[in-house]
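Undergrad: Shown below is the structure under consideration.
The values are calculated or read from the model by the stated rules, or taken from the named source; none is laboratory data. Keep in mind that what you see is a predicted model, and the values were worked out from it rather than measured. No Cβ is skipped: glycine too gets one built from the backbone with ideal geometry, and neighbour counts run over all protein chains shown.
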Ligand SMILES: Cc1cc2nc3c(=O)[nH]c(=O)nc-3n(C[C@H](O)[C@H](O)[C@H](O)COP(=O)(O)O)c2cc1C
């Protein structure tokens, strides 16, 4: 096959930073009134929030600095439990995160809970330019707006509990690296909650403040909030792995129960426009048997026996604009109690089939990868990566047959996100468009829905278990940038990619609430790419801004059944020399 420059698409915008979306009016879409099914609302939302060459999804169109939301939620009046900052420099190798549980698991204590939140959701640095400073965190966020809030429901451990051995609901405050005690739970209630689970288990929950993201991004913000939840879920899973703990999503819990468990349903504690939407609950345990958690009895909402304290801070002095379609899609994707998803992974590759080179090597520590992860703000347009590094990164994105591969052991469904790759600079690999089918059974259908002229050649020397295919050779740098809202980072990396969701079939199979899960899965893929880039000595960046239908056109996808849900770029970063990096916490300076 001849190599050629793959042409940008008609009507492409000039390259460079995307402009903020045009001002939009959240006019009624006829689907908010109750006559539409939840699935119709989801599909209408998805269509409506696409970016097009000629029109971005509706947003305010400018930054309303007067109403900028506070990125830090606090509960005034709640007791605060300061977590001692863990000593830096833990030698645990990065590769060990993936090599099965670390033995023995750390006992649950003030120190281990502190380390867990440090790795999962804490601040990792402050950046400074002139008089302006802003924090970065272990979990990334679209626009660094951080709509995701973290919670834990913990037994009394060491100095975390109150005298009298009480369990409690905590909110994690990243700026302080502290837990705010939102509710005290009596012993009977705690036993009721945890009785089905192994000794030493506890819960973590995630919620979203949609307003934080909508403030800047308008209607598309619900998508970004869900991406961020996916990144945070992977971050929690990875943190748990570093302590030798398992983590599994409790996918059968209803959002009503989850809101009650985390105290998010308490009208009296929140301003009406700044409520948090319950997203997910996960169980963490030092000892979870496989197969996981399919037969446990469901959790129940709190009744009596719980004493709440604290009131949520106001995040913005006022809200200049509301985004009713976000409320509509949030409502349409709320989950009722359901049976846990159980799926068969026996046709998936084994670890040996996925990794050509042994995975038990490398000098990077888990801590350096987790706390050092950063988004590249620009890529250098020259760094190439080895084929071995490329194959290893992609292999990490596939669940193994035994379902032991972290973080895919945390979610029970087979992959619904597949990868369309724009390969620019991978040594020994022709530049061009490639595909990675994250579920090997989906290769045939992907062949059918994409361009008929794609060649679908197996990549030579690629590990036998890696479903990676060359579709078309050619220089696709301009194409990659163009479809990513003209962002040069997508063309200047070693490779960039589109995460293509098996969309309508997922909604039909699991219900409209699974719209959120598709973004979570995409965010989890992204979080692994971030850490894998650290391992390869380069950087990655999530790309939420892309032109939806032009991406589909690039792959020849005409059916609405398959939709791009997220983009990513990986490559050699250009550091911004104007920025100074400061420690995340003052006490770090003394270490
Ligand atoms: C869902 C999501 C979408 C993002 N979209 C873009 C994007 O379109 N362009 C970009 O340059 N960075 C994008 N980013 C990167 C964020 O700007 C970055 O995560 C944030 O500034 C925090 O920096 P950090 O990742 O170094 O912690 C995105 C990140 C996420 C998680």
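Undergrad: Looking at (1) buried (at least 22 other Cβ atoms within 10 Å of the Cβ); (2) within 16 Å of the ligand (Cβ to nearest atom); (3) closer than 30 Å to residue 208 by Cα, which is the one condition that is false for residue 502?
TA: All conditions are met except number (2).
Undergrad: Continuing with this model, one more query. What are the residues in region 358-374 that are within 15 Å of the ligand (Cβ to nearest atom) and at positive phi, if any?
TA: Answer for region 358-374, where residues must be within 15 Å of the ligand (Cβ to nearest atom) and at positive phi: there is none.
Undergrad: Okay, moving on. Consider residue 170 carefully, then state whether it is within 22 Å of the chain's Cα centre (by Cα), farther than 28 Å from residue 220 by Cβ and touching a residue at least 12 places away in the same chain (Cβ under 8 Å). Steps first, answer last, please.
TA: On the way: within 22 Å of the chain's Cα centre (by Cα): yes; farther than 28 Å from residue 220 by Cβ: yes; touching a residue at least 12 places away in the same chain (Cβ under 8 Å): yes.
So residue 170 fits the description; yes.
Undergrad: If you don't mind, another one. Go through region 56-164 and tell me which strands (runs of 3 or more DSSP E), entirely inside it, have 3 or more residues that are touching a helix residue (DSSP H, G or I) at 6+ places or on another chain (Cβ under 8 Å).
TA: Because the criterion is at least 3 residues that are touching a helix residue (DSSP H, G or I) at 6+ places or on another chain (Cβ under 8 Å), the strands (runs of 3 or more DSSP E) in region 56-164 that meet it are 132-137, 148-154.
Undergrad: Show the residue pairs meeting these rules: Cβ distance below 7 Å; 6+ apart or different chains; first residue within region 128-152 and within 30 Å of residue 193 (Cα to Cα); second residue near the ligand (Cβ under 9 Å from one of its atoms) and part of a strand (DSSP E or B).
TA: 138/124; 146/137
Undergrad: Quick check, is residue 423 farther than 22 Å from residue 349 by Cα, buried (at least 20 other Cβ atoms within 10 Å of the Cβ), in contact (Cβ under 8 Å) with a residue 24 or more places away in the chain and away from the ligand (no atom under 16 Å from the Cβ)? Let's see the steps before the verdict.
TA: Values: farther than 22 Å from residue 349 by Cα: yes; buried (at least 20 other Cβ atoms within 10 Å of the Cβ): yes; in contact (Cβ under 8 Å) with a residue 24 or more places away in the chain: yes; away from the ligand (no atom under 16 Å from the Cβ): yes.
Spelling it out, residue 423 is indeed farther than 22 Å from residue 349 by Cα, buried (at least 20 other Cβ atoms within 10 Å of the Cβ), in contact (Cβ under 8 Å) with a residue 24 or more places away in the chain and away from the ligand (no atom under 16 Å from the Cβ).
Undergrad: Shifting gears a bit: Are any residues in region 188-208 more than 15 Å from the chain's Cα centre (by Cα) and either within 15 Å of the ligand (Cβ to nearest atom) or assigned to a loop (DSSP other than H, G, I, E, B) (or both), and if so, which ones?
TA: 195, 196, 197, 198, 199, 200, 201
Undergrad: If residue 478 meets every condition in (1) at negative phi; (2) within 16 Å of the ligand (Cβ to nearest atom); (3) more than 20 Å from the chain's Cα centre (by Cα) apart from one, which number is that one?
TA: (2)
Undergrad: Additional query: Within region 538-547, is there a residue that is surrounded by fewer than 24 Cβ atoms within 10 Å (Cβ to Cβ) and away from the ligand (no atom under 16 Å from the Cβ)?
TA: no
Undergrad: While we're here: Name, by its number, the condition in (1) away from the ligand (no atom under 16 Å from the Cβ); (2) surrounded by fewer than 16 Cβ atoms within 10 Å (Cβ to Cβ); (3) farther than 17 Å from residue 536 by Cβ that does not hold for residue 377.
TA: (1)
Undergrad: Here are 229, 248, 209, 204: which of them is on the phi < 0 side of the Ramachandran plot, buried (at least 20 other Cβ atoms within 10 Å of the Cβ) and at pLDDT below 95?
TA: 248
Undergrad: OK, next. Go through (1) in a helix (DSSP H, G or I); (2) modelled with pLDDT of 95 or more one by one and return the number of the condition residue 273 breaks.
TA: Failed condition: (2).
Undergrad: Restricting the search to region 169-187, which residues are in a strand (DSSP E or B) and farther than 18 Å from residue 302 by Cα? If you could, list the steps in order and put the result at the bottom.
TA: First pass over region 169-187, keeping only residues in a strand (DSSP E or B): 169-173, 178-185.
The answer is 172, 173, 178, 179, 180.
Undergrad: Of these, 530, 510, 566, which one is out of contact with any strand residue (DSSP E or B) (no Cβ under 6 Å at 6 or more places or on another chain) and either over 22 Å from residue 55 (Cβ atoms) or within 14 Å of the ligand (Cβ to nearest atom) (or both)?
TA: 510
Undergrad: Among (1) more than 16 Å from the ligand (Cβ to nearest atom); (2) touching a helix residue (DSSP H, G or I) at 6+ places or on another chain (Cβ under 9 Å); (3) within 30 Å of residue 578 (Cα to Cα), where does residue 384 come up short?
TA: Looking at each condition in turn, residue 384 falls short on (2).
Undergrad: Something else: Answer yes or no: is there a residue in region 467-481 that is surrounded by 20 or more Cβ atoms within 10 Å (Cβ to Cβ), within 14 Å of residue 545 (Cβ to Cβ) and touching a helix residue (DSSP H, G or I) at 6+ places or on another chain (Cβ under 9 Å).
TA: Scanning region 467-481, I find at least one residue that is surrounded by 20 or more Cβ atoms within 10 Å (Cβ to Cβ), within 14 Å of residue 545 (Cβ to Cβ) and touching a helix residue (DSSP H, G or I) at 6+ places or on another chain (Cβ under 9 Å), so the answer is yes.
Undergrad: Take the residues of region 303-326 that are at pLDDT below 90, over 19 Å from residue 217 (Cα atoms) and out of contact with any strand residue (DSSP E or B) (no Cβ under 6 Å at 6 or more places or on another chain): which is surrounded by the most Cβ atoms within 10 Å (Cβ to Cβ)?
TA: Filtering first and then ranking leaves 305.
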